[in-house]
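What follows is one structure encoded as structure tokens, with my remarks underneath.
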2 protein chains.
Amino acid sequence: MTTIALEANLAEESNPPHRKPHIDREDIMSAALKLLGPNRSVSTISLREVARAAGIAPNSFYRHFRDMDELAVALIERAGEKLRYVIREARQRATTAPSIIRSSIDTFMEQLGAEEQLLHVLLCEGTVGSDAYKQAVEMVLTEFENELQEDLVRLSTEANAPLHRPDLVAKAITRLVFAMGGNALDKSLEEKRAIAEQMMVMVLFLMEGSEAVFKQHGSGDIV
Amino acid sequence: MTTIALEANLAEESNPPHRKPHIDREDIMSAALKLLGPNRSVSTISLREVARAAGIAPNSFYRHFRDMDELAVALIERAGEKLRYVIREARQRATTAPSIIRSSIDTFMEQLGAEEQLLHVLLCEGTVGSDAYKQAVEMVLTEFENELQEDLVRLSTEANAPLHRPDLVAKAITRLVFAMGGNALDKSLEEKRAIAEQMMVMVLFLMEGSEAVFKQHGSGDIV
DNA sequence: CATTTGTCTATACATGTGTATAATAAGTCA
DNA sequence: TGACTTATTATACACATGTATAGACAAATG
């Protein structure tokens, strides 16, 4: 019925009979993003749904992606780039250690509410989904951790307050922020703000703790 | 074809022609658990799959659960109970603060590899799935946090090392451990062990950090 | 211009899904 | 025993999904 009505529509309208002249990977990716929501993650949307949302025939999908999996990985990588870019920008607006933390977390939370559901892809379902998917998410997280670790080391030596195991500090911060971010996705603005505050305290704990342990044991193992 | 072969089988065998005399919620729940795996989470398995695994007709499912959702929530609650029980037990085997942390994390990681995939239900996909599902997971986490907070307060006052915002320490620990646990699910035993070590250091950071902040600002707000 | 090539669509098929309906077996109690 | 209730199954329907095949149109090429 739907198809019939659609055909009739197209016939009656002045359209040069139904055809998309040029279809982009881009078009498909943004169509897929539109489908994501509080209860829909990448691995629960179907190829046909994406095609429908992009306004193309199901089979046209294959011209651009081999799989839904390939689409998913592409989305993750784009999300990773975007997020790193945004955070990097946030860091440049601030210089002292506490303000860097604050502005990074703030922009992170802002992005959660942004129209493009890119972050959704990263935060949800890193633990389910295909192996390719999980691996792609893991790579983004690791890159994030590395970048953060560099920052932490630089800042803490500048402040004469060296850290014990800055790699683990970076990892803990990353995992914590991403986990809580995923939880905050469908919460209200005030709730998001409250969660952001909590994140900041937690990050502070991690850094102060690492600092304290350094004072006790230096950078060596904890005996 | 499958059905025909099956019927033939059953006819040839000495079975009193195919019927399950008594079916339990229990049977269905454990059948569902068996289906979970690195790439299959509760919200990606179908009612029919569960019925098949339990050896019952699809419709029989409805006599015991209204929904797959109801099944999922039941599984989560059971997982929460089990986990709390196990951890409580671990805590009683140890008394000093560091050893409690160690034994709790160790038993947590042990449970990850246990045959029953209960933890899987809690760790994966807290951020996708139905609202009921998410709410159930959230409740388990919160209970966990509360119990942990009590412990933290008790231990830290005993040790004369009070904490700043023990609630946030508990929340951070919980979220961190669950997030990293979800990641560790399909990793090898050594990897799991390494991750457990990382967790311990992170938890240590959080506690030492909270302690340090308390020394600086007391239990009041951070000015 | 004609031809070829690449892209998108239409149709079709086999399979999986949730669930409605009716039939059947098991359990219970007179 | 027989009647009644309850739990399980069989059959069926109306979808949705991934993808194979073949046809139609546009752009590129000769």
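The values are calculated or read from the model by the stated rules, or taken from the named source; none is laboratory data. Only a predicted model underlies this, so the values are computations on that prediction, with no experimental measurement involved. Quick reminder, even Gly has a Cβ in these numbers, built from the backbone with ideal geometry, and neighbours come from all protein chains shown. These area figures cover heavy atoms from the full protein model, side chains too; ligands, DNA and RNA do not enter into them. Shrake-Rupley method; radii C 1.70, N 1.55, O 1.52, S 1.80 Å.
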For chain B, calculated [θ]222 nm from helices alone, where every DSSP H run of n ≥ 4 adds -39500 (n - 2.57): -23000 deg cm²/dmol
Per-copy distances of the A:ARG66 label point, shortest first, in nm (7 angstrom along Cα→Cβ): 4.5
Farthest positive-ward along the stretch A:41-86 dipole, Cα basis, beta-carbon charges - from A:PRO58, A:SER46, A:VAL73: A:PRO58
Cβ-derived FRET efficiency at R0 41 Å, B:GLN135 paired with A:ARG66, nearest 0.05: 0.65
The protein assembly as shown - charge dipole about Cα centre, Lys and Arg +1 at Cβ, Asp and Glu -1, debye rounded to 20: 60 debye
Normalised contact order of chain A, rounded percent, pairs of Cα under 8 Å and 6 or more residues apart: 18 percent
Shortest-first nm distances, A:ASN39 label point to equivalent points in other copies (7 Å, Cα→Cβ): 2.6
Carbon + sulfur, % of accessible area of chain A - ligands and nucleic acids excluded, 1.4 Å: 52 percent
Net charge of neighbours whose Cβ lies under 10 Å from the Cβ of B:ARG193, counting Lys and Arg as +1 and Asp and Glu as -1: -2
R0 of 45 Å, Cβ-Cβ distance B:ASP24-A:ALA57: FRET efficiency to nearest 0.05: 0.45
Sequence of B:LYS34, B:LYS187, A:LYS171 from largest to smallest accessible area, 1.4 Å probe: B:LYS34, B:LYS187, A:LYS171
For B:SER219, inter-copy label distances in nm, listed shortest first [label point 7 Å out on the Cα-Cβ vector]: 3.8
Accessible surface, per residue, of the stretch B:75-216 when the full set of protein chains is kept, probe 1.4 Å, Å²: 43 Å²
Dipole in debye (nearest 20) - the stretch A:19-63, about Cα centre, beta carbon charges: Lys, Arg +1; Asp, Glu -1: 140 debye
Additional length obtainable on full extension of the chain from A:ASP106 to A:ARG48, 0.36 nm per residue less Cα span: 17.2 nm
Set of aspartates and glutamates with alpha-carbon distance to A:LYS34 below 13 Å, sequence-local pairs under 8 removed: A:GLU26, A:GLU49, A:GLU115, A:GLU116
With 10 Å bins from 0: P(r) over chain B, alpha-carbon pairs, percent: 7, 28, 27, 18, 11, 5, 2, 1, 0
Dipole magnitude of chain A about its Cα centre (Cβ charges: Lys, Arg +1; Asp, Glu -1), debye to nearest 20: 40 debye
Point-to-point label distance, B:GLU150-A:THR142, nm (Cα→Cβ direction, 7 Å offset): 4.1 nm
Spatially close lysines, pair count over the stretch A:76-217: Cα under 29 Å, gap of eight or more or interchain: 10
